[in-house]
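Participant: After the structure tokens below, expect a handful of questions from me.
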Amino acid sequence: MALAERGLKVIFLLFLPLLSTSCATTKKSTVSWCVVSDAEEQKCLDLAGNATAKNVKGTLECVRGLNARDCMNKIKNGTADAASMFADDIYAAGFCHGLDLAAGESYNRVDGINYYVVAMARRSSSDLSLLEMHERSSCHPGMRTTVGWTVPIGYLVNTSQISVGEQCNFPKAVGNFFGYSCVPGVRDPQHDPSGINPKNLCEACIGDENDRHICANNHRERHYGEAGALRCVAENLGDVAFVKHNTVFDNLDGKNQESWALDLEVEDLKLLCPDGTEAALNEYEQCHLAAVPANAVVVRVEDKCRVWKYLERLQNVFGNAAEGFSLFSSADYGQADLLFSDATHHLLRVLGSYTSWLGPTYTTMLQAFECEGFC
């Protein structure tokens, strides 16, 4: 993109929130929604039928996509108009394809935050700081996950603690930085096709009860996932675990019956803050690596208003339905989070650009990976 064009785009995005909140009249009354599974397609078809039966203005069509990337392409070329996507995919849709957002999900009735990524450590580790993690040990829920990779590694790159160099080899840089880690999946062919990713990124992993499946990208590795990363720290195999803010509370008070969790107490752990300080577990709103935004509806820029108005009409009829079709429930379809997250309370209108929804901190984390050419 030429410098002048880029400048015009920036000016447009800055002034977008100031544009009129009323939608211009358009002849197009159909919204085509991109779905990626049989169950999601069925819910979409049921929503379309119920909307027609309730005389909701407009028509919903369901377009089948292979995955989020395929849906981005379909929206860009006009084969589809909208799709709900996770935060990382939202960034790719905007950065790679020039798409934007019409609406975002709200889970707490106020903002569009999904969860906070935090760095958790044992309270007895008095010499730990997020500003001095070189040669310490780390526990990650999984390779290429938002919580276990994108956010913590993006933070370390942006604070100049890790340098990936011209080769843009993140696993090598991370392996050189930490003493040893558990990053489940880091040596899987999917993430390590040449078999050269550092061995020390699996040295804090323990596999299953028979010492098999060490560093596997599934629950056979007992340090896999949110609970697994927490266990890694609880069992003194890692100095810090990168997890969601609610991970501890989801595993305490008998919610997890494994021995390591039964012996764990809130007082045993603390949060490490980006500025080098520490905090209590319930202070995650002030002490976190990133606030990960909620899912949002990706559209072409010119369709932001049109799609929002249709979603608003659907929400008014099916958003909090006590009976019949429910917009924010997937209970009847055998899978969770179809079309929208089941935890959604309501949809928020997104007036600004996709980066305003993602927020500056999270956007900066993702920008650290641009050298990988994810477009």
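The values are calculated or read from the model by the stated rules, or taken from the named source; none is laboratory data. Keep in mind that what you see is a predicted model, and the values were worked out from it rather than measured. Here Cβ is always computed from backbone atoms with ideal geometry, including for glycine, and neighbour counts include all displayed protein chains.
Participant: With Ala51, Ala93 as the choices, which residue is modelled with pLDDT of 95 or more, among the small types (Gly, Ala, Ser) and more than 30 Å from Gly154 (Cα to Cα)?
Facilitator: None of the other options fit; the residue is Ala51.
Participant: If you take the residues of the range 357-369 that are surrounded by 17 or more Cβ atoms within 10 Å (Cβ to Cβ) and more than 13 Å from the chain's Cα centre (by Cα), which of them is farthest from Phe170 (Cα to Cα)?
Facilitator: Among residues in the range 357-369 that are surrounded by 17 or more Cβ atoms within 10 Å (Cβ to Cβ) and more than 13 Å from the chain's Cα centre (by Cα), the one farthest from Phe170 (Cα to Cα) is Thr361.
Participant: Something else about it: Of all residues in the range 252-267, how many are hydrophobic (A, V, I, L, M, F, W, C) and assigned to a helix (DSSP H, G or I)?
Facilitator: 4
Participant: For the range 113-130, what are the residues that are assigned to a loop (DSSP other than H, G, I, E, B), surrounded by fewer than 21 Cβ atoms within 10 Å (Cβ to Cβ) and touching a strand residue (DSSP E or B) at 6+ places or on another chain (Cβ under 9 Å)?
Facilitator: Arg123, Ser125, Leu128, Ser129
Participant: Residue by residue through the range 55-78, note down the ones that are touching a residue at least 60 places away in the same chain (Cβ under 8 Å) and of a type in the set (Val, Ile, Thr).
Facilitator: Of everything in the range 55-78, those that are touching a residue at least 60 places away in the same chain (Cβ under 8 Å) and of a type in the set (Val, Ile, Thr) turn out to be Val56, Ile75.
Participant: Which residue is surrounded by the fewest Cβ atoms within 10 Å (Cβ to Cβ), if the candidates are limited to the range 270-306 and must be in a strand (DSSP E or B) and out of contact with any Leu (no Cβ under 8 Å at 6 or more places or on another chain)?
Facilitator: Taking the candidates together, the pick is Ala291.
Participant: Anything in the range 242-258 that is closer than 27 Å to Met143 by Cβ and more than 25 Å from the chain's Cα centre (by Cα)? List them, or say none.
Facilitator: Within the range 242-258, just Glu258 meets the criteria.
Participant: Continuing with this model, one more query. Kindly indicate which of Glu235, Glu258, Glu226, Glu267 is touching a Ser or Thr at 6+ places or on another chain (Cβ under 9 Å), touching a residue at least 24 places away in the same chain (Cβ under 8 Å) and surrounded by fewer than 23 Cβ atoms within 10 Å (Cβ to Cβ).
Facilitator: Criteria check complete, one pass: Glu226.
Yes/no matrix, rows are residues, columns are (1) touching a residue at least 60 places away in the same chain (Cβ under 8 Å); (2) assigned by TED's automatic domain parsing to the domain that holds Ala53; (3) out of contact with any helix residue (DSSP H, G or I) (no Cβ under 6 Å at 6 or more places or on another chain):
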| residue | (1), (2), (3) |
| --- | --- |
| Phe325 | yes, yes, no |
| Gln335 | yes, yes, no |
| Leu339 | yes, yes, no |
| Thr344 | yes, yes, yes |
| Arg349 | yes, yes, no |
| Pro360 | no, no, yes |
| Thr363 | yes, no, no |
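Participant: Hey, could you check the range 135-181 for residues that are part of a loop (DSSP other than H, G, I, E, B) and β-branched (Val, Ile, Thr) and say which is farthest from Leu272 (Cα to Cα)?
Facilitator: So the residue we want is Val164.
Participant: Considering (1) in contact (Cβ under 8 Å) with a residue 24 or more places away in the chain; (2) not in a strand (DSSP E or B), say which one Asn316 fails and leave the rest.
Facilitator: Asn316 satisfies every listed condition except (1).
Participant: Working only within the range 200-218, note down all residues that are free of Cβ contacts under 8 Å to residues at least 40 places away in the same chain and farther than 16 Å from Gly238 by Cβ.
Facilitator: Residues satisfying the conditions are Asp208, Glu209, Asn210, Asp211, Arg212, His213, Ala216, Asn218.
Participant: Still on this structure, I have one more. If you take the residues of the range 55-106 that are of a type in the set (Lys, Arg) and under 23 Å from Gln315 (Cα atoms), which of them is surrounded by the fewest Cβ atoms within 10 Å (Cβ to Cβ)?
Facilitator: Once the filter is applied, the top-ranked residue is Lys57.
Participant: Search the range 318-350 for residues being among the hydrophobic types (A, V, I, L, M, F, W, C) and surrounded by fewer than 17 Cβ atoms within 10 Å (Cβ to Cβ), and hand back the single one that is farthest from Phe170 (Cα to Cα).
Facilitator: It comes out as Ala322.
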